[in-house]
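Below is one structure, written out as structure tokens; the observations come after it.
The values are calculated or read from the model by the stated rules, or taken from the named source; none is laboratory data. No experiment lies behind these values; they were computed from the predicted model shown. Cβ sites come from the backbone with ideal geometry, for glycine too, and all protein chains shown count toward neighbours.
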Amino acid sequence: MSTTGKVRQVGVDLQDSEDTHALVDAIEADNPGAEVVHMPGLIRVTTAGELVIRRESVQEQLGRDWETHEFQMNIVSYFGTIAEWDDDKIVIKWEH
Amino acid sequence: MAKLSMRERYSLLTRDLDWTPTYVDPKVVYPYTRYEGIKIHDWDAWEDPFRLTVDSYCKYQAEKDKKLYAVIESFAQGQGHLHLTDARYVNALKIFLQGVTPLEYAAHRHFEYLARHLDGPGPRFAALCQSIDELRHTQTEVHTLSQYNKYYSGLHSWSKMYDRVWYLSVPKSFFEDAITAGPFEFLTSISFSFEYLLTNLLFVPFMSGASFNGDLATMTFGFSAQSDESRHMTLGLGALKFILEQDEANVPIIQDWLDKWFWRGYRLLSLVAAMMDYMLPKRFMSWKEAFELYFEEQMLGGLFPDLEYYGIRPPRHLEQAITEKDYMSHQVYWLLYTFSHAASFNTTIPTPDELDWLSASYPDTFDRHYRPLWDRAQQLADSGHRFFNRGLPMLCQTCQIPMTFTEPGDMDTIAVRSREFRGEHFNFCSDGCKWIFDREPEKYVQAWLPVHQIYQGNCGGATIPEVLAWYGIQDGADNGEYLTSPDKASWDQWKASAQSGGT
């Protein structure tokens, strides 16, 4: 399988909820070129190469404190590898 | 005291609680992690990207459960069973409760075993969390779907049916194959192949299908369960990469398991394909589209180039799965339609609109090969002879699905593969299933094949009513044609009373 030339997509499927809308706004702000697709009950966000979720951006959108662990409440599925998950950000990308 | 970072908390609350045994040989404490040939040199190299600790696990799980039970209450208070697109939809839930919920329970038990028997504290704790998750999924699925059991047929006795009924031996034998393997093969089969590689094909269509068809209950338990699923996916992918990185000698073993479990899982999902294309009154995506998006694009396009780094290639028999995306759902739903007199769900002929949707979704195959079958079924039904296949089908020794799949690309010839072993004759639905048998014939000769068991007199008797009674299926209600079923009659009555002002 060849990987030359094409940046692989990564993405997350999120529950369609109020909190998720704020999350999606934060993801879009931090990941230029992110694509957002609405499916029944779900919102799917994909980016080329890497997807970053920053605590500060999410807090700004939600107008309250948010810890990265709370992302578990919204996520339905993802594709890629969780490369980082610490107090300030979550990064999803392919490793190799 | 300053608040600890996630990294520090994880280190203190998970890794640091482990100790190295000194009175007893570690090999005695962890006796099951050597016999499969997998070599692990450093269990501490296992990373949990979630850095989950027991306190945050409990906090978020409690929150998920509170949300879920609030919805169940309002579902009951708001007569949620009336809000579906059509009562026909409930048949998809029947298959889910009978065939998937018992797998959640089996997963709960086996992850508990891993939580005891893996050598490293990181994977043990991840397995413990998953074990508790799976038990929660079992409970929440039973609680939510019991709301429908008050009003619809076929949802009672699901755990008895799982142990006895012919089509449920497909998921049951799949999972028992996994839990009777060693811990590393189990991680490859369930955690990686099922939970990472194929999971989106099962759960995402189910949840979106529920949402699209007004099924608040399933959508709620589904999303609640899926929110755990991302952790399970991470455990699966993490396990695979960890094993591959530990020793090069592990690579061919993993490749072999991956080849086996891709095909096992893919065959199991043929039931989901039929559900997606035929059992949802409102459809949002065909099996073919789902396969292209969730498997070809995300896994073949995304994951496998990553795994190539370790020397792993895409699974064996993949080409057949790609060829079959154009027709697999039609073959399997026809099977369900023609054998639903012996099943705990109702089926019916797709409506004219649905037939057109199928034509549009499968332009290369549907009108030529499958629409004529439905036209014929309609003629028979119109003349009062709803078609049921009264014989007992030959089953594949490996996946246990009746022989219904055709030669790849040739939709007119049923595929059968055979071989002898210890003087007995065995049949298979595909090269993939035969290849799996050939690897471990001693294992698969032990299969509990429902048709053989009926002929051997182990299923209540020799006639269909006797077997149905033994299955726990109420003849005339749980099984057969949907249009003449009690579910349809109740639904029409509820809708009519609503239209005329209600009673």
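A search for C-beta distances below 8 Å between a residue of segment B:409-432 that is loosely packed, with under 15 Cβ neighbours inside 10 Å and any residue that is part of a strand (DSSP E or B) and among the small types (Gly, Ala, Ser), counting only pairs 6+ apart in sequence or on different chains, returns B:His425/B:Ser418. Residues in segment B:185-239 that are under 14 Å from the mean Cα position of the chain (by Cα) and of a type in the set (D, E, K, R): B:Glu195, B:Glu229.
Within segment A:9-20, residues that are within 8 Å of chain B (Cβ to nearest Cβ) and at pLDDT 95 or above reach partners that are outside any strand (DSSP E or B) and crowded, with 24+ Cβ neighbours inside 10 Å with beta carbons closer than 6 Å, at six or more positions or on different chains, in the pairs A:Val10/A:Gly80.
Taken together, the residues in segment B:445-463 that are part of a loop (DSSP other than H, G, I, E, B) and surrounded by 15 or more Cβ atoms within 10 Å (Cβ to Cβ) amount to 4. Criterion first (surrounded by fewer than 21 Cβ atoms within 10 Å (Cβ to Cβ) and either acidic (Asp, Glu) or modelled with pLDDT of 95 or more (or both)) does B:Tyr167 satisfy it? Considered against the rule, which asks whether it is surrounded by fewer than 21 Cβ atoms within 10 Å (Cβ to Cβ) and either acidic (Asp, Glu) or modelled with pLDDT of 95 or more (or both), B:Tyr167 comes out as no.
For beta carbons closer than 7 Å, sequence separation of 6+ or different chains, a first residue in segment B:472-484 that is charged (D, E, K, R) and a second that is buried (at least 17 other Cβ atoms within 10 Å of the Cβ), the qualifying pairs are B:Asp475/B:Leu468; B:Asp478/B:Ser153; B:Asp478/B:Gly154; B:Asp478/B:Ser344; B:Glu481/B:Asn346; B:Glu481/B:Thr348; B:Glu481/B:Arg386.
Figure legend. Inter-residue proximity from segment B:64-88: first residues farther than 17 Å from B:Ala496 by Cα, second residues at pLDDT below 90 and of a type in the set (Phe, Trp, Tyr), beta-carbon distance below 7 Å, spacing 6+ or different chains. Indicated pairs: B:Leu68/B:Phe221. Taken over segment A:53-69, the criterion of being buried (at least 18 other Cβ atoms within 10 Å of the Cβ) and in contact (Cβ under 8 Å) with a residue 12 or more places away in the chain is satisfied by A:Ile53, A:Arg54, A:Arg55, A:Ser57, A:Val58, A:Gln61, A:Thr68. Restricting attention to segment B:255-293, the residues that are in contact with a Ser or Thr (Cβ under 9 Å, 6 or more places away or on another chain) and either over 27 Å from B:Ile179 (Cα atoms) or within 11 Å of chain A (Cβ to nearest Cβ) (or both) total 14.
Of all residues in segment B:188-234, exactly one satisfies the criterion of being of a type in the set (Asp, Glu) and within 7 Å of chain A (Cβ to nearest Cβ), namely B:Glu229. Whether any residue in segment B:22-35 is within 14 Å of chain A (Cβ to nearest Cβ), farther than 30 Å from B:Leu269 by Cα and not in a helix (DSSP H, G or I) is what I want to check. No, there is no match, as no residue in segment B:22-35 is within 14 Å of chain A (Cβ to nearest Cβ), farther than 30 Å from B:Leu269 by Cα and not in a helix (DSSP H, G or I). When B:Glu442 is tested against the conditions (1) touching a residue at least 24 places away in the same chain (Cβ under 8 Å); (2) not in a loop (DSSP other than H, G, I, E, B), the lone failure is (1). Residue-level check: of (1) among the aromatic types (Phe, Trp, Tyr); (2) more than 8 Å from chain A (Cβ to nearest Cβ); (3) under 23 Å from B:Ala178 (Cβ atoms), B:Phe304 misses just (2).
Considered as a group, the residues in segment A:22-35 that are out of contact with any strand residue (DSSP E or B) (no Cβ under 8 Å at 6 or more places or on another chain) and closer than 19 Å to A:Thr68 by Cα include one that is nearest to the other protein chains (Cβ to nearest Cβ), and that residue is A:Ala22.
Residues considered: A:His96, A:His38. Of these, the only one that is within 12 Å of chain B (Cβ to nearest Cβ), without any contact (Cβ under 8 Å) to a residue 60 or more places away in the chain and touching a Leu at 6+ places or on another chain (Cβ under 9 Å) is A:His96.
Could you say whether any residue in segment B:74-86 is closer than 30 Å to B:Thr347 by Cα, among the aliphatic types (A, V, I, L, M) and assigned to a helix (DSSP H, G or I)? Looking for residues that are closer than 30 Å to B:Thr347 by Cα, among the aliphatic types (A, V, I, L, M) and assigned to a helix (DSSP H, G or I), one finds at least one in segment B:74-86, hence yes. Listed here are the helices (runs of 4 or more DSSP H) enclosed by segment B:293-366 that have at least 3 residues being closer than 17 Å to B:Ala273 by Cβ and not β-branched (Val, Ile, Thr): B:318-324, B:328-338, B:352-361. A residue that is more than 9 Å from chain B (Cβ to nearest Cβ) and either over 22 Å from B:Ala225 (Cβ atoms) or not small (Gly, Ala, Ser) (or both) cannot be found anywhere in segment A:67-86.
The set of residues in segment B:117-140 that are without any contact (Cβ under 8 Å) to a residue 60 or more places away in the chain and of a type in the set (Ser, Thr, Tyr) comprises B:Ser131, B:Thr138. Inside segment A:38-53, residues that are within 16 Å of B:Gln226 (Cβ to Cβ) and either touching an Asp or Glu at 6+ places or on another chain (Cβ under 7 Å) or at pLDDT 95 or above (or both) make up a count of 5. Residues of segment B:302-340 that are closer than 17 Å to B:Lys241 by Cβ, touching a Pro at 6+ places or on another chain (Cβ under 8 Å) and buried (at least 20 other Cβ atoms within 10 Å of the Cβ): none at all. Within segment B:102-137, being buried (at least 21 other Cβ atoms within 10 Å of the Cβ) and polar (S, T, N, Q) holds for one residue alone: B:Gln130.
Yes or no, residue by residue, for (1) out of contact with any His (no Cβ under 8 Å at 6 or more places or on another chain); (2) in a helix (DSSP H, G or I); (3) not charged (D, E, K, R):
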position	(1), (2), (3)
A:Val45	yes, no, yes
A:Val58	yes, yes, yes
A:Arg64	yes, no, no
A:Ile82	yes, no, yes
A:Ile90	yes, no, yes
